[in-house]
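Asker: Below: one structure in C-alpha cells.
Taken together, the values in this text are just the output of simple stated rules run on the coordinates, not laboratory data. The structure displayed is predicted, hence computed values, not measured ones. Every residue, glycine as well, gets a Cβ built from its backbone with ideal geometry; the counts of neighbours run over all protein chains shown.
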C-alpha cells in the first residue's frame, strides 16, 4: 500500500498527478468502457481483454473528446442497474471531466476506474472571472487566465463537480 498523499493534494486523485491504469472491478455486473482519444483507446484495450474473459456485459465507446465521452456515459447510465461500473481511459484532463459527470450522476469513486495516459494538460477554473482555462501546466505552476488576464496559480485542488483545478491570482495576498 502506498503512502497517503501530502495534505495539500488531498482533493487531487493520485491518477490525476501521474499516468496510471487501475484494474478492472470484476465484481461489476455491467461495464461502460469509455476511451477518449487515441491514447485512451490503447489503454482501454487492456480492460476490454480482461472483461471479455469475464463474460460481463460491456459497452465500449471510442470517443474523440471528453464531451463525447460524457454523452456516452449519460446514455449508458440511463438504463444502468446496481453493479454497473464505469472505466474511462485518456488524459487526466478528460478523466477528470468524465469523473465529474459521473459524480453529478450519483456514482461513487468505487464505481469508477481510470487509465490516465498523460497529465500534460489541465483545466483550471479562475475564481476571479469564472473562465475555465485549458493549459499545459503542472500543479503549482502559474498561467495567464484567458478570461481576465490575471496570472493564476494552479492550486493543488480539483473540484469533483466540475473536474477543474482551482486557479487564483498568484500574488493576491501580496502587498498592495
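Asker: With 10 angstrom as the radius, rank 30, 134 by how many other C-beta atoms surround their C-beta, starting from the fewest. List each step's numbers first, then the result.
Answerer: Working: 30 17, 134 13.
Placing the least packed residue first, the sequence is 134, 30.
Asker: For the pair residue 11 and residue 159, how long in nm is the line joining their label points, each one 7 Å along Cα→Cβ?
Answerer: A separation of 0.9 nm, rounded to one decimal place.
Asker: Quick one: among 157, 165, 26, which has the greatest mean-square fluctuation in a GNM of the chain with alpha-carbon springs under 10 angstrom?
Answerer: Of the options given, 26 has the highest mean-square fluctuation.
Asker: How far, in degrees from 0 to 90, does helix 66-77 lean away from the longest principal axis of the Cα atoms of the chain, to the nearest 10?
Answerer: 40 degrees
Asker: Along Cα→Cβ, 7 Å out, is where each label goes; now give me the distance between the ones at residue 29 and residue 59 in nm to one decimal.
Answerer: That separation, rounded to one decimal, is 1.6 nm.
Asker: Compute the angle between helix 37-54 and the longest alpha-carbon principal axis of the chain, please, reported from 0 to 90 degrees and rounded to the nearest 10.
Answerer: 30 degrees
Asker: Taking the Cβ of each residue in 24, 33, 103 as the centre, tally the other Cβ atoms inside 10 Å and list the residues starting with the fewest. Kindly include the intermediate steps, with their values, before the conclusion.
Answerer: Numbers: 24 21, 33 25, 103 17.
Listed from fewest to most nearby Cβ atoms, that is 103, 24, 33.
Asker: Let me ask something additional. Modelling each spin label as a point 7 Å along the Cα-to-Cβ direction, I'd like the residue 132/residue 120 distance in nm, to one decimal.
Answerer: Taking the simple label geometry, residue 132 and residue 120 are separated by 2.1 nm.
Asker: Taking the Cα of residue 46, stepping 7 Å toward and past its beta carbon, and measuring to each backbone N in segment 105-136: which are under 17 Å?
Answerer: Inside the label zone: 112-119.
Asker: Assuming R0 = 22 Å, what is the FRET efficiency of residue 141 and residue 172, from their Cβ-Cβ distance, to the nearest 0.05?
Answerer: The calculated FRET efficiency here is 0.85.
Asker: Here's another thing I want to ask about it. Order these by the 10 Å Cβ neighbour count, fewest first: 57, 150, 99. Write out the running numbers ahead of the final one.
Answerer: On the way: 57 13, 150 21, 99 24.
Fewest-to-most Cβ neighbours within 10 Å comes out as 57, 150, 99.
Asker: Next up: Considering the chain as a Gaussian network with a 10 Å cut-off on Cα pairs, which listed residue, 153, 81, 34, attains the greatest mean-square fluctuation?
Answerer: 81
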